[in-house]
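The values are calculated or read from the model by the stated rules, or taken from the named source; none is laboratory data. Everything quoted here is computed from the prediction, not taken from an experiment. Note that we place each Cβ from the backbone using ideal geometry, even for glycine, and neighbour counts take in every protein chain shown. Please note that ligands, DNA and RNA were not included when accessible areas were found on the heavy atoms of the full protein model with its side chains. Shrake-Rupley method; radii C 1.70, N 1.55, O 1.52, S 1.80 Å.
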Amino acid sequence: MPVEDVAGAVKDLIHAGKVKHFGLSESPADLIRRAHAVQPVTALQSEYSIWWRNVEEAILPTLEELGIGLVPYSPLGRGYLTGKVDEKTTFDSTDIRSHNPRFTQEAIQANRVVIDLLEKIGTEKGATPAQIALAWLLAQKPWIVPIPGSRKLERLDENIGSMVIKLTSDDLKEIDNAMAQIKVVGDRY
Amino acid sequence: MEKRKLGKSGLEVSALGLGCMRMSFGDTPTDKQEMITFLHKAVERGITFFDTAEVYGPFTNEELVGEALEPFRGKVVIATKFGWKHDPVKGPHPRVGLDSRPSRSSGWLRPPSDVCVLRPLTFSTSTGQTQTCRSKMWPALSRTLSMPAR
């Protein structure tokens, strides 16, 4: 299925008033470029967070060049980056994390170093690990809009609180340097 | 709340959006009314960008988000994802083929969705024919065009 046909179909839908904008999800750079040539892409939705940064190599430069926004999903690593998950946490079988490789006991323990880092920066800034993780993402580009999932008001308010936390270029460097030393355990799916 | 523009499109949304999947999919079940109240509180706090998909449920998440946000039509942006044909057992599934989703979506998601998100890489036709997405989508779209526009 050529992506030009998909983009062309959405173009028709936009002209018909059925949808207002065109988005893509988890698409590689060349495909974004081809789709964008047929129907301008408003946003790409892809996983991006402090512990999953694959979009940085080819995707972010392409989006910047073409003027496409990025909507990172799982910006809090499916809840792990809140620091509230430990090896004693159990997941109901209806919870998709019950069969996610980053939520095995081994991965949860091994990746604790990421939370330690977020907690350290958080202590300096008076913020929670989740707020640092979101502030880090917001600081990457002004056209990034993360979509943390939430079903609890206290969690939503915590996430909203990340917007007032400003990370300096030194903070961002410190996080980058520390993360470069950390080998995150477990595939993301 | 701080707003951000999604690229050059001019679409402006709150700097943080709200992922709605787990309100009806991939996690322990929730009470729909509670989730509607929660979504209203998110709007009160200035969130104007909400993410859902046809496969979340399937369908029930779009229904929830559409119903909850109907009072805020024109003031909020909903992003959804479509494109897979429906298997009676598996629901929307990439192996079953392409589907003309936005037509149905604009019924469930009461305000027309502002961003539609596709996963074209995973598209494949069940018959193996090289039928284009465009020709597959048009018949269903034409049917919907005869309905009152939302």
**Report entry** Candidates A:74, A:49 - the one that is at the interface with chain B (Cβ under 9 Å from one of its Cβ atoms) and within 24 Å of the chain's Cα centre (by Cα)
**Finding:** A:74
Query raised in the report: Looking at region A:61-82, is at least one residue touching a helix residue (DSSP H, G or I) at 6+ places or on another chain (Cβ under 8 Å), hydroxyl-bearing (Ser, Thr, Tyr) and more than 17 Å from residue A:184 (Cβ to Cβ)?
Result: yes
Query raised in the report: Residues in region A:24-37: is at least one aliphatic (A, V, I, L, M), in contact (Cβ under 8 Å) with a residue 60 or more places away in the chain and either more than 30 Å from residue B:29 (Cβ to Cβ) or outside any helix (DSSP H, G or I) (or both)?
Result: no
Query - Number of the condition not met by residue A:64 [criteria: (1) within 14 Å of chain B (Cβ to nearest Cβ); (2) part of a loop (DSSP other than H, G, I, E, B); (3) among the charged types (D, E, K, R)] - result: (2)
Report summary line: Expected output for region A:136-151 (first residue in contact (Cβ under 8 Å) with a residue 40 or more places away in the chain and farther than 16 Å from residue A:51 by Cβ, partner outside any loop (DSSP other than H, G, I, E, B) and of a type in the set (Asp, Glu), Cβ below 7 Å, 6+ apart or cross-chain) is A:147/B:51
Requested in this report: Keeping to region B:18-34, report how many residues are open to solvent by less than 30 Å² (accessible area, probe 1.4 Å) and either in contact (Cβ under 8 Å) with a residue 40 or more places away in the chain or more than 7 Å from every other protein chain (Cβ to nearest Cβ) (or both).
Outcome: 2
Report task. Please work out which one of (1) open to solvent by less than 10 Å² (accessible area, probe 1.4 Å); (2) touching an Asp or Glu at 6+ places or on another chain (Cβ under 9 Å); (3) within 14 Å of chain B (Cβ to nearest Cβ) is the condition residue A:121 fails and give its number. Result -> (3)
Query - Hits in region A:21-30 - residues which are facing chain B (nearest Cβ under 7 Å) and open to solvent by 10 Å² or more (accessible area, probe 1.4 Å) - result: A:21, A:26
Report summary line: Sole miss for residue A:169 among (1) under 15 Å from the mean Cα position of the chain (by Cα); (2) open to solvent by 50 Å² or more (accessible area, probe 1.4 Å) is condition (1)
Report task. Could you please find all residues in region A:5-20 being more than 7 Å from chain B (Cβ to nearest Cβ) and open to solvent by 60 Å² or more (accessible area, probe 1.4 Å)? Result -> A:11, A:15
Query - Among (1) among the β-branched types (Val, Ile, Thr); (2) over 25 Å from residue A:67 (Cβ atoms); (3) within 7 Å of chain A (Cβ to nearest Cβ) - the single one residue B:13 does not satisfy - result: (2)
Requested in this report: Please go through region A:32-61 and pick out each residue that is surrounded by fewer than 23 Cβ atoms within 10 Å (Cβ to Cβ), among the hydrophobic types (A, V, I, L, M, F, W, C) and farther than 19 Å from residue B:19 by Cβ.
Outcome: A:32, A:37, A:38, A:58, A:59, A:60
Report task. With the condition kept exactly as written, say whether any residue in region B:72-83 is within 11 Å of chain A (Cβ to nearest Cβ), aromatic (Phe, Trp, Tyr) and closer than 19 Å to residue A:19 by Cβ. Result -> yes
Requested in this report: Please state which of the following conditions residue A:64 fails to meet, knowing it meets all the rest: (1) open to solvent by 10 Å² or more (accessible area, probe 1.4 Å); (2) among the charged types (D, E, K, R); (3) in contact with a strand residue (DSSP E or B) (Cβ under 9 Å, 6 or more places away or on another chain).
Outcome: (3)
Query raised in the report: What single numbered condition from (1) surrounded by 14 or more Cβ atoms within 10 Å (Cβ to Cβ); (2) facing chain B (nearest Cβ under 10 Å) fails to hold for residue A:94?
Result: (1)
Requested in this report: Could you figure out which of (1) of a type outside the set (S, T, N, Q); (2) at positive phi; (3) more than 13 Å from chain B (Cβ to nearest Cβ); (4) open to solvent by 30 Å² or more (accessible area, probe 1.4 Å) isn't true of residue A:83?
Outcome: (4)
